[in-house]
2 protein chains.
Amino acid sequence: MSGDRRVRRTRRLIQEALVTLILDKGYDAVTVTDIIDRADVGRSTFYSHFTDKQDVLLSNLDELTVLHRSPADGGSDRLLAFSLPMFEHVREQERLVRALLGRRGGGPVHARGEQLLAAVVRDELLGAGARPSATLELLVVCVVGAFMGLLRAWLEGETTASPAELDAAFRAAVEPGVRAVLRESGNESPSHH
Amino acid sequence: MSGDRRVRRTRRLIQEALVTLILDKGYDAVTVTDIIDRADVGRSTFYSHFTDKQDVLLSNLDELTVLHRSPADGGSDRLLAFSLPMFEHVREQERLVRALLGRRGGGPVHARGEQLLAAVVRDELLGAGARPSATLELLVVCVVGAFMGLLRAWLEGETTASPAELDAAFRAAVEPGVRAVLRESGNESPSHH
DNA sequence: GTAGTGCCGAACAGAGTGTTCGGTTATGAA
DNA sequence: TTCATAACCGAACACTCTGTTCGGCACTAC
């Protein structure tokens with residue numbers, strides 16, 4: 001492990017304190033003073049590690065490593081392969097994800113999540129034979145929007161559906177459209193072997 | 001017109017000031033002091049009309065009356081009929097919508113917009129023969145998510161597509177899936193041949 | 001063991017919030 | 001026009017939160 005043990009300890013205490021507080025009061029209502037009280041850390045110590053509240057929030061994003069899908073799954077010709085594993089992971093990490101991505105989580109993390117997810121979807125569609133174009137970008141936006149919508153609905157408690165059900169709903173909604181677009185745009189040999 | 005002219009004037013000045021300031025600096029960065037300076041209104045006056053910043057923001061929502069679609073369009077069997085008019089309206093009211101709904105607009109309006117839109121989509125699907133169910137709700141979430149995604153992308157300047165192109169992308173992405181779901185769920189003898 | 005690094009915590013200036021209150025001015029009704 | 005009313009002004013206030021500084025203490029890594 002890199003660095004001083006005290007440094008790791010302090011950073012971890014601060015991050016955990018923020019997550020707890022967000023779940024309590026929502027991101028906006030949490031103050032730096034709250035955080036250092038909960039983490040039992042000196043004020044100057046906080047500012048020697050993070051510039052502000054949002055900095056702590058974004059620093060947590062590194063824990064969400066699922067977005068980097070395993071690239072060795074070339075065998076599956078299944079479209080939108082990220083969907084089910086993602087929903088499952090979210091349920092496992094429910095507490096953290098709810099704090100970071102929920103309405104109480106305050107936006108910036110949501111934005112970055114969308115970007116990462118958009119990259120995944122774009123790569124997958126390109127791999128499936130689509131051509132880079134403005135139309136493709138709009139399709140990616142729709143797919144990501146639908147997925148994030150489901151994620152948000154679940155985080156908000158609007159639905160109690162299981163990961164498998166969320167995955168099914170996601171596919172039912174967007175897969176036909178995606179396949180239709182691929183059929184038109186992806187010019188040749190969509191199915192090898 | 002109901003009420004004192006001074007009241008209308010003051011409220012309007014404050015609302016306009018907030019919109020301008022959001023476009024300048026983003027919602028979070030705007031302070032009440034900023035607003036009353038820009039609106040040239042006394043501090044106590046502000047607090048006699050609104051409780052805080054967000055109150056002003058949400059008060060603006062009444063101007064966005066397009067969401068109440070004209071219910072007399074029963075003739076069109078076109079699915080997702082709200083889409084194109086909405087994209088067009090958004091372009092017309094670009095300044096206001098950008099301030100309220102964009103990433104700079106700060107969330108709460110976005111949430112309410114999603115709710116209103118979800119009601120529209122749900123009604124439309126029910127009218128097209130779908131049955132109320134948890135599955136339908138998830139479909140609605142996906143459709144709304146895709147639409148809001150496109151809206152956001154346009155507001156963020158990620159695309160320069162026209163309303164017609166946005167509408168086309170939206171339909172291409174979700175209409176096949178919606179029709180497929182309707183075919184299964186609304187078991188009401190569609191053209192079976 | 002010791003040099004160095006991290007932490008403490010109090011104190012501070014600055015900015016923003018929401019309230020109060022006496023005085024001023026515009027408005028709508030008579 | 002007159003006039004009671006309601007709205008506005010704006011300064012002042014108590015409060016909270018922010019981000020920085022600094023001397024002294026404690027722990028860690030080597």
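The figures follow:
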{"read-out": "Cβ-Cβ under 6 Å pairs, at least 6 apart or on other chains, segment A:24-44 side within 25 Å of residue A:101 (Cβ to Cβ) and of a type outside the set (Ser, Thr, Tyr), far side within 8 Å of DNA strand C (Cβ to nearest atom) and open to solvent by 60 Å² or more (accessible area, probe 1.4 Å)", "value": "A:36/A:43"}
{"read-out": "Residue tally, condition in a helix (DSSP H, G or I), more than 7 Å from chain B (Cβ to nearest Cβ) and either in contact with a Gly (Cβ under 9 Å, 6 or more places away or on another chain) or surrounded by fewer than 21 Cβ atoms within 10 Å (Cβ to Cβ) (or both), over segment A:151-166", "value": "6"}
{"read-out": "Tally of residues being closer than 20 Å to residue A:109 by Cα and within 10 Å of DNA strand D (Cβ to nearest atom) across segment A:47-58", "value": "6"}
{"read-out": "Where residue A:91 falls short, out of the listed (1) modelled with pLDDT of 80 or more; (2) more than 16 Å from DNA strand D (Cβ to nearest atom); (3) out of contact with any Pro (no Cβ under 8 Å at 6 or more places or on another chain)", "value": "(3)"}
{"read-out": "Test: residue B:97 is open to solvent by less than 30 Å² (accessible area, probe 1.4 Å), modelled with pLDDT under 85 and assigned to a helix (DSSP H, G or I)", "value": "yes"}
{"read-out": "The one condition in (1) within 14 Å of chain A (Cβ to nearest Cβ); (2) under 23 Å from residue B:162 (Cα atoms); (3) modelled with pLDDT under 85 that residue B:107 fails to fulfil", "value": "(2)"}
{"read-out": "Residues being of a type in the set (Asp, Glu), away from every other protein chain (no Cβ under 14 Å) and within 14 Å of DNA strand C (Cβ to nearest atom) - total across segment A:21-61", "value": "2"}
{"read-out": "Any hit, segment B:9-18, residues being within 11 Å of DNA strand C (Cβ to nearest atom) and either within 14 Å of chain A (Cβ to nearest Cβ) or over 21 Å from residue B:156 (Cα atoms) (or both)", "value": "yes"}
{"read-out": "Top-ranked residue of segment A:60-82 - restricted to ones that are farther than 13 Å from residue A:113 by Cα and at pLDDT 60 or above, ranked as farthest from DNA strand D (Cβ to nearest atom)", "value": "A:77"}
{"read-out": "Residues of segment B:3-46 satisfying the condition of being in a loop (DSSP other than H, G, I, E, B) and within 11 Å of DNA strand D (Cβ to nearest atom)", "value": "B:3, B:4, B:40, B:41, B:42"}
{"read-out": "Enumeration of residues in segment B:123-150 that are open to solvent by less than 30 Å² (accessible area, probe 1.4 Å) and more than 8 Å from chain A (Cβ to nearest Cβ)", "value": "B:125, B:130, B:136, B:140"}
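The values are calculated or read from the model by the stated rules, or taken from the named source; none is laboratory data. Treat the numbers as computed from the prediction; the structure is a model and nothing was measured. Cβ coordinates were reconstructed from backbone atoms using ideal geometry, including for glycine residues, and neighbour counts include every protein chain displayed. We work out accessible area using only protein heavy atoms, side chains counted, and drop any ligands, DNA or RNA first. Shrake-Rupley method; radii C 1.70, N 1.55, O 1.52, S 1.80 Å.
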